[in-house]
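First the structure, in the form of structure tokens, and then the observations on it.
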Amino acid sequence: MADEVKLYGLDGSPFVCRVKIALNLKKIDYKFVVEDLRNKSADLLKYNPVHKKIPVLLHSGKPISESLVIIEYMDDAWKGAPLLPKDPYEKAQARFWAKFVDDKCIPIVFKAIVSHGEEKDLAEAHEQLQFLENQLNEGKKFFGGDDINLVDISATFIAYWVGAAEEALGLKLVSKDKYPKLTEWCDNYINCQAVKDGLPPREILLGFFKMWFATPNSFVYNEFLNKSS
Amino acid sequence: MADEVKLYGFPGSPYVSRVTTALNLKGIKYEFVAEDLSNKSADLLKYNPVHKKVPVLVHNGKPISESLVIVEYIDDAWKGVPILPQDTYEKAQARFWAKFIDDKCTPAIFKAITNHGEEQAVAEAQEQLQFLENELNVKGKKFFGGDNINLVDIAATFIAYWLGAAEEALGIKVLSKDKFPKITEWCGNYINCQVVKDDLVPREAIVAFFRKRFGNA
């Protein structure tokens, strides 16, 4: 069972996608175990009894939950492309921004999508997105500089899911004129091979968002709202 | 330039306490800059423009915000007593539990407090606390970090000290000894660690705070 790696998840989840991208960057072979969130497997409940959510990474039989914890674990456990900066201060900054994306940015962007662009939600979302735009203003291609790092990976939802939601909803959140740097970053990010290989087809997301907006009280909607981090 | 370390905060904050404990563990000398949260200093707003909150650690002029990010930074930047486990898997587990305390446990407890011990809120808080009780039980540990405190213990500072004060102020019970014998014992052990004790404000001050803020008129 040496170094056996399994990832429990679902294609449509941006949090599972974060881990797939990290696995691709580290060139780790893994088995993907698809979960049905309406009928969670005994394994998932055993490996993540606290949250009962995806993604869960299983490494040589030992489970790790919470996508950003998983990514840091992967950077500690495997050599190869670094996911975090080496310098302690830069590392702290990367953790700060990944936490900001998770705790502040994604929730409010999500809320603005769910409320179909309600004015107050949009204003708050713009306020948070501006911080990210400013971070890229230092002439950086990625939040990680020349290569993607933890912060870029944490913002996968913004790079790819938001665009699909915008199209399904007929709403613009991350406009090019307001966020030139962020828009450019989205394009660069989703064109990285490690990212491209981990993203679900856009049509699937479009279909999902269209169905979801049509049935706002559906199970999947609520499950996503109680997202795994 | 010798290491210049400043900590922006206010003494009654459990989040600031996390950082002072970490600094004390490493034996780091620092200057404490007391903030008045109703009148935040220009420095604080400059060093933490995103959240405008305490604590903020400034190390040789470079600011770091968010208490758990700061604690990990302290462990990366200074040698001495380790705050996170060395083992890769154990390190991930420590981060998982610290995040759980921050994202799930403390908010549920806080809700029970602000709802004056309303039954459902207390039940939800106790559901989260049970995970921590199990964690201490299964490993048979004095601290979440084993024989010594680590990131998880530090993350749970609010539970160790602030919760008891809130319970007293509002006449409510969330962390009962019969339901949570291990955590109760842990609280006593944790606040008696010198590195923690040295910077805790008097309990009466915290009781008074909770009474004033959430007590019945």
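The values are calculated or read from the model by the stated rules, or taken from the named source; none is laboratory data. Nothing here was measured: the structure is a model prediction, and the numbers come from that model. Cβ atoms come from the backbone with ideal geometry, glycine included; neighbour counts cover every protein chain shown. Heads up: the accessible areas ignore ligands, DNA and RNA and are worked out on the full protein's heavy atoms, side chains in. Shrake-Rupley method; radii C 1.70, N 1.55, O 1.52, S 1.80 Å.
Quick look at the numbers
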{"read-out": "Spread of Cα-to-Cα distances over 5 Å intervals beginning at zero, given as percent, for chain A", "value": "1, 6, 14, 19, 20, 18, 12, 7, 2, 0, 0"}
{"read-out": "Restraint check, A:LYS20/B:LYS53; A:LYS79/B:LYS26; A:LYS99/B:LYS197; A:LYS141/A:LYS178; A:LYS20/A:LYS99, Cα-Cα greater than 25 Å", "value": "A:LYS20/B:LYS53; A:LYS79/B:LYS26; A:LYS99/B:LYS197"}
{"read-out": "Segment B:ASN137-B:GLU90, extension gain: residue separation times 0.36 nm, minus the distance between their alpha carbons", "value": "15.2 nm"}
{"read-out": "Accessible area buried between chains B and A, both sides summed, probe 1.4 Å, in Å² to nearest 100", "value": "2600 Å²"}
{"read-out": "Complex-versus-alone comparison for the stretch B:57-86, residues with a loss of 40 Å² or more in accessible area, probe 1.4 Å", "value": "B:LYS62, B:GLU66, B:VAL69, B:TYR73, B:ASP76"}
{"read-out": "Neighbourhood net charge (12 Å Cβ-Cβ; Lys/Arg +1, Asp/Glu -1) for A:TRP78", "value": "-2"}
{"read-out": "Paired Rg and Dmax values of the protein assembly as shown, which use every Cα atom, in angstrom", "value": "22.0, 63"}
{"read-out": "When each of A:LYS6/A:LYS52; A:LYS27/A:LYS62; B:LYS29/B:LYS141 is checked by Cα-Cα distance, pairs over 25 Å", "value": "B:LYS29/B:LYS141"}
{"read-out": "B:PHE131 accessible area, 1.4 Å probe, all protein chains in place, Å² to nearest 10", "value": "50 Å²"}
{"read-out": "Mean residue ellipticity (222 nm) of chain A, computed from DSSP H runs ≥ 4 via -39,500 (n - 2.57), nearest 500", "value": "-15000 deg cm²/dmol"}
{"read-out": "Length-normalised contact order for chain A - Cα pairs under 8 Å, 6+ apart - percent", "value": "23 percent"}
{"read-out": "Alpha-carbon centroid distance for the pair the stretch A:10-37 / the stretch A:149-174, whole angstrom", "value": "18 Å"}
{"read-out": "Contour excess over end-to-end distance, with Cα ends at A:TYR89 and A:ARG38 and 0.36 nm allotted per residue", "value": "14.1 nm"}
{"read-out": "Share antiparallel - DSSP beta bridges, the protein assembly as shown, percent rounded to 5", "value": "70 percent"}
{"read-out": "Under the Karplus curve 6.51 cos²θ - 1.76 cosθ + 1.60, θ = phi - 60°, whole-Hz ³J(HN,Hα) for the stretch B:80-93, x wherever Gly or Pro sits", "value": "x, 4, x, 9, 10, x, 6, 5, 4, 5, 4, 4, 4, 5"}
{"read-out": "Exposure of A:LYS31 as accessible area (Å², to 10), given a probe of 1.4 Å and all protein chains", "value": "120 Å²"}
{"read-out": "Where N is the number of residues in the stretch B:16-166, Cα Rg divided by 2.2 N^0.38 Å", "value": "1.12"}
{"read-out": "In range of the label at B:ASP199: residues from the stretch B:64-88 whose backbone nitrogen is under 18 Å from the point 7 Å along Cα→Cβ", "value": "B:64-84"}
{"read-out": "At 1.306 mPa s and 10 °C, Stokes diffusion of the stretch A:1-63 via Kirkwood alpha-carbon radius, µm² per second", "value": "134 µm²/s"}
{"read-out": "Accessible surface of the stretch B:73-217 [probe 1.4 Å, protein heavy atoms]: carbon and sulfur percent", "value": "48 percent"}
